[in-house]
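Below is one structure, written out as structure tokens, with a few remarks after it.
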Amino acid sequence: MNNSTIQEKNTRWLQKLGLFIIFIFIVILWLINKKNGVEDFSNLEKKTTIATSSVALFEEYGTDELKRKSELGNFIKNKGFVVVGIESIFNNNLEEEPKNFPRLNCGNSTLEFTYIPDPYRKTADEKVIFADEVYINVINNSNPELNKQIKGFSLMKIIKVTSNNHEYYITKEYSGGNHCCFQQRVIKCEDGKFSIGELVDFGNIESDGNFYSKENELYQVQFDDRFSYFKVSFSDSYPMFFTSFYKYNKNSNQFLDISSELFSDYYKNLYEYQNEWASRLAIYPPDFFNGGEMFWFSLLVLRTQSGYYGMVNKDILKNDFVRDFKYFISADYENKNFSFPMSMNDAENIFEETIVKLIK
């Protein structure tokens, strides 16, 4: 046997010995970690780096949510929708007494606003939100008998949206409450006259939203707050607000919710993303979520909403909700953070309440 053959065999033997030593080292390390309560190397880094608190983990989830929502504009454009600009016509902060209400014209019609101040303004020293009233007057310049007056709430703002050669004046009216409620009214200028739609309640949502057009139809994208105060305080229910899609209805002169009709694919993708997040949480023990149950409760509600609008089978949504609810909500949890009593046994009932809110 020549020297090169002997050297080659020795090299292979040393490689095998090295692999055997590494294997023994891994087994010893695994036994040590198992004794210390770490059963899986893949989870070791996660448990020591990100499992600091349920609240910190929820902040990470919130950051991901914002990223997902920021992609909404591209999603809408890819479906052929065109952005429609808005023009600010009037703004009022509800603290100062409003002035300079606009006077709008449409052919032979004129639209004016009559302001009725809250009587409390005369006696109040501090700046508060007052409950003023505003009357909307439609004046027919050629036939006074066709004049019309509509009583409205405190007028916060008016924006103008021009689409498909039509002008829409959209009001935001404040109907009262600490941070609620805001009503939307569409005043359309068409064929030389104004037509005024009934109010649509947008709850706590004060923003104007975004407007789009497609195939001579007008759409609005807005937040939906139907889950405000749902089992939690108002501030804790904010993460359950979700994006909704509305289409202008010519017959009612209102924007009506068409979310599940035209955008089920958007919600289906969102559902899969939220489901993925819920699955990620399984690496943590249930007691990790103690004190932060209300945060993860919002994830379960949002996932149900997205799945429901995304045409996911209701039985699947229910099974997922009940399973994960019982995982996040500990057996001895006794209304520590929720506004209403809640326990593991309430999971099915709360799921059904969630569905009822979605079909309102």
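Here are some notes:
- Any hit, the stretch 132-147, residues being buried (at least 16 other Cβ atoms within 10 Å of the Cβ), more than 23 Å from the chain's Cα centre (by Cα) and of a type in the set (Ser, Thr, Tyr): no
- Taken over the stretch 182-196, the criterion of being surrounded by 19 or more Cβ atoms within 10 Å (Cβ to Cβ) and either assigned to a loop (DSSP other than H, G, I, E, B) or of a type in the set (S, T, N, Q) (or both) is satisfied by Gln183, Gln184.
- Test result for Phe223, part of a strand (DSSP E or B), in contact (Cβ under 8 Å) with a residue 12 or more places away in the chain and surrounded by fewer than 21 Cβ atoms within 10 Å (Cβ to Cβ): yes
- Exclusive hit being loosely packed, with under 13 Cβ neighbours inside 10 Å and either touching a residue at least 24 places away in the same chain (Cβ under 8 Å) or polar (S, T, N, Q) (or both), set Thr63, Thr114, Thr110: Thr63
- Out of Tyr267, Tyr229, one residue alone is more than 17 Å from Val82 (Cβ to Cβ) and under 13 Å from the mean Cα position of the chain (by Cα). It is Tyr267.
- Selection from the stretch 240-286 of residues that are farther than 18 Å from Asp324 by Cα and part of a helix (DSSP H, G or I): Ser259, Ser260, Glu261, Leu262, Ser264, Asp265, Tyr266, Tyr267, Lys268, Asn269
- Extreme residue, surrounded by the most Cβ atoms within 10 Å (Cβ to Cβ), among residues of the stretch 197-220 that are modelled with pLDDT of 90 or more and among the small types (Gly, Ala, Ser): Gly197
- Filter result for Leu218 (free of Cβ contacts under 8 Å to residues at least 24 places away in the same chain and touching a Phe, Trp or Tyr at 6+ places or on another chain (Cβ under 7 Å)): no
The values are calculated or read from the model by the stated rules, or taken from the named source; none is laboratory data. No experiment lies behind these values; they were computed from the predicted model shown. So basically every Cβ, Gly included, is an ideal-geometry build from the backbone, and we count neighbours across all protein chains shown.
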